[in-house]
Amino acid sequence: MKSFDALNRLIEGNKRFVSGSQSNNRSMTPTDRSALVKEQNPFAIILGCSDSRVPAELVFDQGLGDLFVIRVAGNIVSPSQIGSVEFAAERFGTPLVVVLGHSFCGAIEAAIEGVGQSGGETSSPNMNSIVSRIRPCVENLLELNVELSDEELFHQAVRANIRASADHLRHGSQTLERLIAEKKLLVVGAEYSLETGEVEFFDGMP
C-alpha cells in the first residue's frame, strides 16, 4: 500500500467514526485472530497521546492488525518512540506515520503551567522528562505571540508540539530519513478534536 492510499484509508475511517457508521464495531472471530498470530501487516503507524479519550483504532475505525500504535503522554518523541517507528517501518514496510495530538491535552496543559512557574518543572522527574520536551514549543509561542489568550495559547501549543514531534521523526533518524528520501514513508501531523471526533491532518500533507 502506498502512503497516500494509507492516508485516505484513515481519513475515510475517521469519517465513519464521526458519523457513527463504524464498520469494525464487532468482535473478531477465532479464525480472524488466528490469521494474525504469526504475522501482521499494519498499514499505518500512529504515534499518539496516551489519553484514554483518543484510542486510535476507534478514532480511525480500524480493526485488529491494521494499525501499529505507539502511545505516550503528549505524543512526544524520544529514542524509544523513534525505535518503535523504525521497527514498524522497516519490518513491515508500513508507509505512513501519523503524529496524533488532540485538543485539551493534559501534557500540554502541564507544560504551559510549568512555563509559568519559577522552577519550570513538575514535582516528578519522570513526568518532567515528558513536559520538558513540550516546554520549548510553549516558550517559543510566548516569545513570538505575547498577546495570545489562554485558549489561543493552548490550541497553538497543541499544534506546535505535533509539528515538533513530526519534524523530529523526519530528521532524527537515519533509517527514517532514508525511507522518506526513497518515497517509502510519509510522516504527517494531525489533531483529534475531543469535541467533534474529527481528525484534521495539517502538517506534512502531500
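Bear in mind these aren't lab numbers, they're just calculated from the coordinates by the rules spelled out. No experiment lies behind these values; they were computed from the predicted model shown. FYI the Cβ positions are ideal-geometry reconstructions off the backbone, even for glycines, and counts take in every protein chain you see.
Mean sequence separation of contacting Cα pairs (under 8 Å, at least six apart), scaled by the length of the stretch 1-143, corresponds to a relative contact order of 24 percent.
How high is the relative contact order of the stretch 70-206, given as a whole-number percent (alpha carbon pairs under 8 Å, six or more residues apart)? Write out the running numbers ahead of the final one.
Numbers: 170 pairs, mean separation 44.9, N = 137.
This gives 33 percent for the stretch 70-206.
Helix 79-91 and the longest principal axis of the C-alpha atoms of the chain enclose an angle of approximately 20°.
Translational D (Stokes-Einstein, µm²/s) of the stretch 1-44 at 4 °C and 1.567 mPa s when Rh comes from the Kirkwood sum over C-alpha pairs?
Values: Rh = 12.3 Å.
Result for D is 105 µm²/s.
Mind pulling the angle between the C-alpha long axis of helix 3-19 and the longest principal axis of the chain? Nearest 10 degrees, somewhere in 0 to 90. Orientation of helix 3-19: about 80 degrees from the principal axis.
Put the Cα centre of the stretch 146-196 next to the Cα centre of the stretch 1-77 and the gap is 19 Å. For the stretch 136-184, the fraction of C-alpha pairs more than 17 angstrom apart is 46%. Mind checking the stretch 1-110 for GluC sites (Glu not before Pro) that DSSP puts in a loop (not H, G, I, E or B) and that have at most 11 other Cβ atoms within 10 Å? Here the GluC sites (Glu not before Pro) that fit, given the DSSP loop and packing criteria, are Glu39. The eigenvalues of the Cα gyration tensor, multiplied by 5 and square-rooted, give the stretch 50-145 an equivalent ellipsoid with semi-axes of 29, 15, 12 Å from largest to smallest. Here the convex hull built on the C-alpha positions of the stretch 8-96 has a volume of 106 cubic angstrom per residue. In the chain, the longest principal axis of the Cα atoms and the axis of helix 150-171 are about 60 degrees apart.
Computed packing ranks the peptides 70-76, 193-199, 167-173 as 70-76, 167-173, 193-199, most packed first, by mean other Cβ atoms within 10 Å. Along its three principal directions, the equivalent ellipsoid of the stretch 81-206 from the Cα gyration tensor extends over semi-axes of 28, 17, 13 Å, largest first. Straight-line cross-link reach from Lys183 at under 18 Å between alpha-carbon atoms covers these lysines, not counting any fewer than eight positions away in the same chain: Lys2.
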